[in-house]
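K.L.:
One structure coming up, written as structure tokens, with questions to follow.
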Amino acid sequence: MLIRFPEQNFNNFIVPAFQINEGEIVVIELPGGALFRPLLSEIKNMLTGAVAGSPVEINSEFRFVEHFKESFFNSCFSPVTIGSYHQKYANRPNLVYEKIYSTPGLTKRAKVNTLTVDVKKKLELYTTLSWTNRLIFDLASVDPKGGTEIFGIVKHAIMPKGAAILIDHCDEFKNQCTTFIKVNYIGGDIRSDSVKLISKSK
């Protein structure tokens, strides 16, 4: 068992209990809209051990596939290239990050801010995989075709001893994962800026 997650209440959204083992993929379906990102952030922080006193049992570190961010100033005057992105974020001895170059036309000099959403997500994913194949990811803004391709990459990459948790706002991969978790709203007032953790004993 790599992670055991007890049932949690996030501002009247119930996340059912689950656990994940080697070779498994868990899909967590969140509601879409304005609450998706704050809920994703809360769950990600718990799963990566960033919440003090969290009831989540973590026996193996998982890494979140971070979203590339660049300031407006840098994007205009000093844009990050794929090569410089790898220089800063990749685990260079593990060459899995270089799989991004299998995308036609991509070179180290390509500017990250010019990539399509799907290709950018692959860049982020392969870079994370250079560190670990135990990861947490989302498919925000990725189109269905790109999402299917990325999910396939993850399924292959976690074998035999890795694992992955996809946090999404649809059930597209419900029948392709080991465990499917649907977050349910139980009523009450909610605000997108006030998603707070309330532990609920199991």
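The values are calculated or read from the model by the stated rules, or taken from the named source; none is laboratory data. A quick note: this is a predicted structure, and the numbers were derived from the prediction, not measured. So basically every Cβ, Gly included, is an ideal-geometry build from the backbone, and we count neighbours across all protein chains shown. Each accessible area value is taken on the protein alone, full model and side chains, heavy atoms only, with ligands, DNA and RNA left out. Shrake-Rupley method; radii C 1.70, N 1.55, O 1.52, S 1.80 Å.
K.L.:
Taking the stretch 66-90, which residues are in contact with a Lys or Arg (Cβ under 8 Å, 6 or more places away or on another chain) and either part of a loop (DSSP other than H, G, I, E, B) or of a type in the set (A, V, I, L, M) (or both)?
P.N.:
Within the stretch 66-90, Phe68, Pro79, Val80, Ile82 meet the criteria.
K.L.:
Could you please tell me which pairs satisfy a Cβ distance under 6 Å, a separation of 6+ or placement on different chains, a first residue in the stretch 71-99 that is open to solvent by less than 70 Å² (accessible area, probe 1.4 Å), and a second residue that is assigned to a helix (DSSP H, G or I) and of a type outside the set (Ser, Thr, Tyr)?
P.N.:
The qualifying pairs are Ser75/Asn113; Pro79/Asn113; Val80/Val112; Tyr85/Val112; Val96/Leu129; Tyr97/His86.
K.L.:
Here is a further query. Hey, among Glu24, Glu29, Glu66, Glu57, which residue is in contact with an Asp or Glu (Cβ under 6 Å, 6 or more places away or on another chain) and either under 30 Å from Asn11 (Cβ atoms) or surrounded by fewer than 15 Cβ atoms within 10 Å (Cβ to Cβ) (or both)? Spell out how you get there, then give the answer.
P.N.:
Numbers: Glu24 fails: in contact with an Asp or Glu (Cβ under 6 Å, 6 or more places away or on another chain); Glu66 fails: in contact with an Asp or Glu (Cβ under 6 Å, 6 or more places away or on another chain); Glu57 fails: in contact with an Asp or Glu (Cβ under 6 Å, 6 or more places away or on another chain).
That would be Glu29, the only listed residue that is in contact with an Asp or Glu (Cβ under 6 Å, 6 or more places away or on another chain) and either under 30 Å from Asn11 (Cβ atoms) or surrounded by fewer than 15 Cβ atoms within 10 Å (Cβ to Cβ) (or both).
K.L.:
While we're here: Is at least one residue of the stretch 42-62 closer than 22 Å to Thr128 by Cα, free of Cβ contacts under 8 Å to residues at least 60 places away in the same chain and aromatic (Phe, Trp, Tyr)? Walk me through how you get there before you give the answer.
P.N.:
First, pick out the residues of the stretch 42-62 that are closer than 22 Å to Thr128 by Cα: 42-51, 58-62.
Cutting the leftovers down to free of Cβ contacts under 8 Å to residues at least 60 places away in the same chain gives us 45, 49-50, 58-59.
In the following step, the residues that additionally are aromatic (Phe, Trp, Tyr) were identified as none.
The answer is no, given that none of the residues of the stretch 42-62 is closer than 22 Å to Thr128 by Cα, free of Cβ contacts under 8 Å to residues at least 60 places away in the same chain and aromatic (Phe, Trp, Tyr).
K.L.:
Would it be correct to say that Ala52 is part of a loop (DSSP other than H, G, I, E, B), under 30 Å from Val183 (Cα atoms), open to solvent by 30 Å² or more (accessible area, probe 1.4 Å) and not charged (D, E, K, R)? I'd like the intermediate steps shown before the answer.
P.N.:
Numbers: part of a loop (DSSP other than H, G, I, E, B): yes; under 30 Å from Val183 (Cα atoms): yes; open to solvent by 30 Å² or more (accessible area, probe 1.4 Å): yes; not charged (D, E, K, R): yes.
Yes.
K.L.:
Got at least one residue in the stretch 128-140 being within 18 Å of Leu30 (Cβ to Cβ) and either in a loop (DSSP other than H, G, I, E, B) or of a type in the set (Gly, Ala, Ser) (or both)?
P.N.:
Taking the stretch 128-140 as the starting set, the residues that turn out to be within 18 Å of Leu30 (Cβ to Cβ) are 135-140.
Okay, now just the ones that are also either in a loop (DSSP other than H, G, I, E, B) or of a type in the set (Gly, Ala, Ser) (or both), so 139-140.
Yes, the stretch 128-140 contains at least one residue that is within 18 Å of Leu30 (Cβ to Cβ) and either in a loop (DSSP other than H, G, I, E, B) or of a type in the set (Gly, Ala, Ser) (or both).
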